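S.K.: Handing you this structure, nothing more for now.
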Amino acid sequence: MPYSVNKTEDEWRDELGEEQYAVLRQAATERAWTGELLDEERAGLYTCGACGAELFKSGTKFDSGCGWPSFYESVRPDAVELLEDDSLGMVRTEVRCATCGSHLGHVFPDGFGTPTGDRYCMNSIALNFTPDES
(Lines give C-alpha, C1' and ligand atoms only; values in the text may rest on other atoms or scores of the structure.)
Protein backbone atom coordinates (compact mmCIF):
# COMPACT_ATOMS: atom_id res chain seq x y z
CA MET A 1 0.00 0.00 0.00
CA PRO A 2 1.38 3.43 -0.88
CA TYR A 3 1.60 5.70 2.16
CA SER A 4 1.25 9.48 2.16
CA VAL A 5 4.20 9.79 4.58
CA ASN A 6 7.32 8.11 3.20
CA LYS A 7 10.79 8.26 4.74
CA THR A 8 13.88 6.14 4.50
CA GLU A 9 14.63 3.79 7.38
CA ASP A 10 17.61 6.01 8.25
CA GLU A 11 15.27 9.02 8.51
CA TRP A 12 12.86 7.06 10.72
CA ARG A 13 15.77 5.86 12.88
CA ASP A 14 17.00 9.44 13.32
CA GLU A 15 13.53 10.76 14.24
CA LEU A 16 12.41 7.96 16.55
CA GLY A 17 14.21 6.75 19.64
CA GLU A 18 15.65 3.24 19.64
CA GLU A 19 12.64 1.70 21.39
CA GLN A 20 10.10 3.55 19.23
CA TYR A 21 11.95 2.57 16.08
CA ALA A 22 11.98 -1.10 17.12
CA VAL A 23 8.20 -1.13 17.67
CA LEU A 24 7.01 1.22 14.94
CA ARG A 25 9.34 0.20 12.12
CA GLN A 26 10.45 -3.34 13.05
CA ALA A 27 7.19 -4.62 14.59
CA ALA A 28 8.64 -5.29 18.04
CA THR A 29 6.34 -5.38 21.08
CA GLU A 30 6.83 -3.45 24.30
CA ARG A 31 6.58 -5.44 27.51
CA ALA A 32 3.07 -5.77 28.91
CA TRP A 33 2.08 -3.41 31.74
CA THR A 34 4.99 -1.00 31.02
CA GLY A 35 3.46 1.52 28.60
CA GLU A 36 2.79 5.01 29.90
CA LEU A 37 -0.58 5.24 28.10
CA LEU A 38 -2.00 2.04 29.57
CA ASP A 39 -3.70 3.83 32.48
CA GLU A 40 -4.46 7.09 30.63
CA GLU A 41 -8.09 7.96 31.38
CA ARG A 42 -8.42 11.56 30.21
CA ALA A 43 -10.54 12.47 27.19
CA GLY A 44 -8.45 13.07 24.11
CA LEU A 45 -6.99 11.74 20.89
CA TYR A 46 -4.40 9.04 20.23
CA THR A 47 -2.16 9.60 17.22
CA CYS A 48 0.62 7.69 15.46
CA GLY A 49 3.93 8.03 17.29
CA ALA A 50 5.74 8.18 13.95
CA CYS A 51 3.69 10.54 11.76
CA GLY A 52 1.01 12.07 14.01
CA ALA A 53 -1.98 10.68 12.09
CA GLU A 54 -5.22 10.42 14.09
CA LEU A 55 -5.88 6.82 15.13
CA PHE A 56 -8.17 6.41 18.18
CA LYS A 57 -10.50 8.52 20.30
CA SER A 58 -10.35 8.10 24.06
CA GLY A 59 -14.04 7.15 24.16
CA THR A 60 -13.21 3.86 22.42
CA LYS A 61 -10.49 2.90 24.92
CA PHE A 62 -11.31 0.18 27.42
CA ASP A 63 -9.55 -1.89 30.08
CA SER A 64 -9.11 -5.30 28.49
CA GLY A 65 -6.73 -6.56 31.18
CA CYS A 66 -4.12 -7.51 28.57
CA GLY A 67 -1.37 -5.07 29.63
CA TRP A 68 -1.52 -2.79 26.58
CA PRO A 69 -3.86 0.10 25.72
CA SER A 70 -6.96 -1.36 24.05
CA PHE A 71 -9.57 0.25 21.81
CA TYR A 72 -12.67 -1.19 20.19
CA GLU A 73 -12.43 0.82 16.94
CA SER A 74 -10.21 3.29 15.12
CA VAL A 75 -11.16 6.92 14.59
CA ARG A 76 -12.05 6.06 10.95
CA PRO A 77 -12.00 2.70 9.14
CA ASP A 78 -9.28 4.02 6.80
CA ALA A 79 -7.06 5.31 9.65
CA VAL A 80 -5.46 1.91 10.07
CA GLU A 81 -4.32 -0.86 7.77
CA LEU A 82 -4.96 -4.48 8.75
CA LEU A 83 -2.54 -7.18 7.56
CA GLU A 84 -2.29 -10.91 8.16
CA ASP A 85 0.65 -11.71 10.46
CA ASP A 86 1.92 -15.27 10.82
CA SER A 87 5.30 -14.31 12.30
CA LEU A 88 4.99 -16.33 15.53
CA GLY A 89 3.61 -19.51 14.06
CA MET A 90 0.02 -18.35 14.51
CA VAL A 91 -2.22 -16.16 12.42
CA ARG A 92 -2.96 -12.72 13.86
CA THR A 93 -4.06 -9.41 12.37
CA GLU A 94 -1.41 -6.71 12.48
CA VAL A 95 -2.52 -3.08 12.77
CA ARG A 96 -0.47 -0.45 10.96
CA CYS A 97 -0.89 3.28 10.57
CA ALA A 98 -2.49 3.81 7.15
CA THR A 99 -0.63 7.11 6.74
CA CYS A 100 2.97 5.90 7.23
CA GLY A 101 2.82 2.10 7.52
CA SER A 102 4.20 1.97 11.05
CA HIS A 103 3.39 -1.04 13.24
CA LEU A 104 0.98 -0.22 16.07
CA GLY A 105 -0.02 -3.62 17.44
CA HIS A 106 -2.66 -6.26 16.64
CA VAL A 107 -6.45 -6.53 16.60
CA PHE A 108 -8.29 -9.49 18.08
CA PRO A 109 -11.99 -10.46 17.96
CA ASP A 110 -12.19 -10.76 21.75
CA GLY A 111 -13.34 -7.30 22.82
CA PHE A 112 -16.26 -8.81 24.71
CA GLY A 113 -18.83 -6.27 25.85
CA THR A 114 -17.67 -3.60 23.40
CA PRO A 115 -19.87 -2.27 20.56
CA THR A 116 -17.66 -3.92 17.90
CA GLY A 117 -16.37 -7.02 19.70
CA ASP A 118 -12.84 -6.03 18.65
CA ARG A 119 -9.77 -5.36 20.79
CA TYR A 120 -7.16 -3.19 19.11
CA CYS A 121 -4.20 -4.06 21.34
CA MET A 122 -1.74 -1.21 20.80
CA ASN A 123 1.81 -0.56 21.94
CA SER A 124 1.86 2.57 24.11
CA ILE A 125 5.18 3.60 22.62
CA ALA A 126 3.60 3.57 19.15
CA LEU A 127 1.07 6.22 20.15
CA ASN A 128 1.01 9.84 21.23
CA PHE A 129 -1.84 11.20 23.34
CA THR A 130 -3.26 14.71 23.26
CA PRO A 131 -5.82 15.49 25.96
CA ASP A 132 -8.93 17.47 25.04
CA GLU A 133 -8.78 21.11 26.05
CA SER A 134 -11.11 21.76 28.95
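The values are calculated or read from the model by the stated rules, or taken from the named source; none is laboratory data. Because the structure is a prediction, the values reported are computed rather than measured. Note: ideal-geometry Cβ built from the backbone for every residue, glycine included; neighbour counts use all protein chains shown. Just the protein is used for accessible areas: all its heavy atoms, side chains included, with ligands, DNA and RNA removed. Shrake-Rupley method; radii C 1.70, N 1.55, O 1.52, S 1.80 Å.
S.K.: For the stretch 44-133, what does the relative contact order come out to in percent, with C-alpha contacts under 8 Å and a separation of six or more?
M.R.: 32 percent
S.K.: With the Cα gyration tensor of the stretch 44-133 giving a ≥ b ≥ c as the square roots of its eigenvalues, does the rule (a/c under 1.5 for rounded; else a/b larger than b/c for prolate; else oblate) give rounded, prolate or oblate?
M.R.: Verdict is oblate for the stretch 44-133.
S.K.: Another question about this same structure. In square angstrom, what is the accessible area per residue of the stretch 44-133 with a 1.4 angstrom probe?
M.R.: Spelled out: the 1.4 Å probe surface of the stretch 44-133, per residue, equals 45 Å².
S.K.: Tell me whether the stretch 13-89 comes out rounded, prolate or oblate; compute the Cα gyration tensor, take square roots of the eigenvalues as a ≥ b ≥ c, and use a/c under 1.5 as the rounded threshold.
M.R.: Rounded, because the longest to shortest axis ratio a/c is under 1.5.
S.K.: Next question. Which of Phe62, Phe112, Phe71 moves most in a GNM of the chain, Cα contacts under 10 Å?
M.R.: It is Phe112.
S.K.: Which of Ser64, Ser87, Ser74 ends up with the largest GNM mean-square fluctuation for the chain, with Cα atoms connected below 10 Å?
M.R.: Maximum among the listed residues: Ser87.
S.K.: Where the centre of each part is set by its Cα atoms, how far does the stretch 1-32 sit from the stretch 73-98, in angstrom?
M.R.: A separation of 16 Å, based on Cα centres.
S.K.: Something else now. Ignoring ligands, DNA and RNA, what percent of the accessible area of the stretch 44-133 is carbon or sulfur (1.4 Å)?
M.R.: 48 percent
S.K.: In the chain, which Cys residues have no partner Cys with a Cβ closer than 4.7 Å?
M.R.: Cys66, Cys121
S.K.: A further question on this structure: Sum -39500 (n - 2.57) across every DSSP H segment of at least 4 residues in the chain, then divide by the residue count to get the 222 nm mean residue ellipticity, nearest 500.
M.R.: -3000 deg cm²/dmol
S.K.: From the residues Gly44, Pro115, Leu16, which one has its Cα farthest along the dipole of the chain in the positive direction, the dipole being from +1 and -1 charges on Cβ of Lys/Arg and Asp/Glu about the Cα centre?
M.R.: Checking the options against the dipole of the chain, the answer is Pro115.
S.K.: Roughly how many debye, to the nearest 20, is the charge dipole of the stretch 12-134 about its Cα centre, given +1 on each Lys and Arg Cβ, -1 on each Asp and Glu Cβ, and no other charges?
M.R.: Here the stretch 12-134 has a charge dipole of around 100 debye.
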